[in-house]
Amino acid sequence: MKKAVLDILVCPNCLPEERELSAEVAEEKDHDILQGRLICGHCSMVFPIEDGLAFLDPGAFVGRAGGNRYETAPVVSSYLWSHYGDLMHDGEASDAYSRWAGLMEPLGGYCLDIGGAVGRFAFEMTSKSDFVIGIDNSTAFIRAARELMRHQRMEVPLAVEGLLTRDLTLELPEEWDMKKLEFIVGDALALPFKGGVFTSLASLNLVDKVPSPLKHLYEMNRVARAQKAAFLFSDPFSWSEEVAEQEEWLGGKGAGRFAGRGVDNIASILNGDGGVLTPPWSVKDRGHVWWKIRTHANHFELIRSCFVKAER
Ligand SMILES: C[S@@+](CC[C@H](N)C(=O)[O-])C[C@H]1O[C@@H](n2cnc3c(N)ncnc32)[C@H](O)[C@@H]1O
C-alpha cells in the first residue's frame, strides 16, 4: 500500500469514531509498504499489509464477511473481461466503464471507487483526480487490480467452454498514472477513511450487493467532501433477499419506506428528500449504461445499469 494513503486512513472498526491507525513497516519499496501492519491505538485491532495488499475489512477478522462469491478464478477472469475486454481487443466487449468515467469531470482531489472490483473505473479516474483509491471486500479482485497496477499488463485466461480456455493479453494505456492509484481490501459499510476527504466518488453496481444499502450511502456521504464533490451512482437494482432483507431495499417494493423504483428513490435521497443525506446533493444527470459480463464463449449477461450523477 502506498504510504500516501496513510494520511487519510482511520480505523474501520471504531467507526463512527474516527481513530487514527499507526503503521509498522517491515518492508517497503519506493514508498510502497509491502509487508507491515496498521494498528488502532484505541481498539487494538491489527490490519495486515501483505505483499502490498492492505486488509482493512474489520468483518474479515471477526467472521462477519461471510463467503465472498467473487473470490474464484473464473469470476476474476469474467470481471477482467468485463472491465478490460475493449483493451484486449475483443469485439464483443462493452464500453461501460469508459462511459461511466466519461460522466465524471476532472475535479482533482481524492477519488474513491467503492466496490470497484478489478479496478477499471479507478484506473480511468487517474486522469481526473490527484489520487484514486479502489476499495472492495474481494481479496481476489483487489489482488488482480494491484497486479495490473504494478505490471500494467497481464495474461488473462478466458473461459471458452468447459475446461477449455484461451489467453488474452491485457496491456494498460500508458497515460494511466500508476503513481496516483491504490487498491485496498475493505468494506463499503465501514470505509476506513477520514470524513470529508473525497472529491469524486463512485458506487457502480454495488448497492444491491450489500446487506444495508442505506448504510452504504451514509458511508459514501461521510467520506465525501461537503462541497465541490461529485458522486456517480449506477445499478441494475437486482434486489435479492439472499443479500439484504426486504426492509433494507431502497426500491422494488409496492409499499412502505422506499417503495417504487430504486433509481427514483436514490435520486430523491441524493436531492435531500427526508434529510437522509446531509448536506444534500443535487442530481445533475440520469440515464443508463449497458454493462456486459461474460461467463464463457457462448454465455453473456447484458445488464442495464441505471445511473444518477450528483454534485454538491
Ligand atoms: C456486481 S460487482 C460490481 C463491481 C464493479 N463496481 C463493477 O461495476 O464492475 C459488486 C462488487 O462489490 C463488491 N462488494 C460486495 N459487497 C461489498 C462490501 N460490503 N464492501 C466492499 N465491496 C463489496 C464485490 O466484491 C464486487 O466487486
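Only the coordinates and a few stated rules stand behind these numbers; no lab work does. From a predicted model like this one, the values you see are computed outputs, not experimental measurements. Cβ coordinates were reconstructed from backbone atoms using ideal geometry, including for glycine residues, and neighbour counts include every protein chain displayed.
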Consider a paramagnetic label point 7 Å from the Cα of R69 along Cα→Cβ; state which residues of region 131-159 have an amide N under 17 Å from it. 137-141
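Can you classify region 66-224 as rounded, prolate or oblate using the Cα gyration tensor, where a ≥ b ≥ c are the square roots of its eigenvalues, rounded means a/c under 1.5, and otherwise it's prolate if a/b beats b/c and oblate if not?
Details: a/c = 1.97, a/b = 1.35, b/c = 1.46.
Oblate shape, in that a/c is at least 1.5 and b/c is the bigger or equal ratio.
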Potential lengthening between A4 and K29 on full extension [0.36 nm per residue; Cα-Cα distance subtracted]: 7.7 nm
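When each pair of different Cα atoms in the chain is counted once in the 1/r mean, what is the Kirkwood radius in angstroms, to one decimal?
19.8
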Euclidean distance of C-alpha centroids, region 177-196 and region 6-54, integer Å: 12
Mind checking which lysines have their Cα closer than 23 Å to the Cα of K209? Skip sequence neighbours fewer than 8 apart in that chain. K253, K292, K309
So what are the ³J(HN,Hα) numbers for region 106-122, from phi and the Karplus equation (6.51, -1.76, 1.60; θ = phi - 60°), rounded to whole Hz, Gly and Pro as x? x, 9, x, x, 7, 10, 10, 9, 8, x, x, 6, 8, x, 4, 5, 5
Could you list H89, H83 in order of exposure, starting from the residue whose Cβ has the fewest other Cβ atoms within 10 Å? H89, H83
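Could you work out the helix-only [θ] at 222 nm for the chain, with each DSSP H run of four or more residues adding -39,500 (n - 2.57) and the total divided by the number of residues, to the nearest 500 deg cm²/dmol?
On the way: 6 runs with 58 residues, N = 312.
It lands at -5500 deg cm²/dmol.
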Order of W176, W249, W290 under a 10 Å beta carbon neighbour criterion, fewest first: W290, W176, W249
Under 11 Å, Cβ to Cβ, from S238 - net charge with Lys/Arg +1 and Asp/Glu -1: -2
May I ask for the net charge around W81, where only other residues with Cβ less than 14 Å from the Cβ of W81 are counted and Lys, Arg are +1 while Asp, Glu are -1? -3
Are there trypsin sites (Lys or Arg not before Pro) in region 22-92 that DSSP puts in a loop and that have at most 16 other Cβ atoms within 10 Å, and which ones? R64, R69
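Can you tell me, using C-alpha contacts under 8 Å and at least 6 residues apart, the relative contact order of region 1-56 as a whole percent? Could you put the intermediate results ahead of the total?
Numbers: 102 pairs, mean separation 16.8, N = 56.
Contact order relative to length: 30 percent.
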According to a simple spin-label model (label point 7 Å from Cα along Cα-to-Cβ), what is the distance in nm between W290 and R304? 1.2
Nearest-0.05 FRET efficiency for K215 and L163, computed from C-beta distance (R0 30 Å): 0.15
Amide H of V276: which non-local residues (sequence gap of 5 or more, or other chain) have their own amide H closer than 5 Å, using H built in the peptide plane? none
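Convex hull over the alpha-carbon atoms of region 1-56: what's its volume per residue in Å³?
Numbers: hull volume 3.3 nm³, N = 56.
Output value, Cα hull per residue: 60 Å³.
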Which of G254, G85, G262 moves the most in a Gaussian network model of the chain with Cα springs under 10 Å? G254
Given the options A202, H42, L214, identify the residue whose Cα lies farthest towards the positive end of the charge dipole of the chain (+1 on Cβ of Lys, Arg; -1 on Cβ of Asp, Glu). L214
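Give me the extension gain from Q152 to E92: residue separation times 0.36 nm, minus the current Cα-Cα distance, reported in nm with one decimal.
Numbers: separation 60, 0.36 × 60 = 21.60 nm, distance 2.24 nm.
Roughly 19.4 nm would be gained on extension.
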Residue-ordered couplings for region 248-264, obtained by feeding phi - 60° into the Karplus form 6.51 cos²θ - 1.76 cosθ + 1.60 and rounding to whole Hz (Gly and Pro as x), are 7, 4, 9, x, x, 10, x, 8, x, 4, 6, 5, x, 7, x, 5, 5
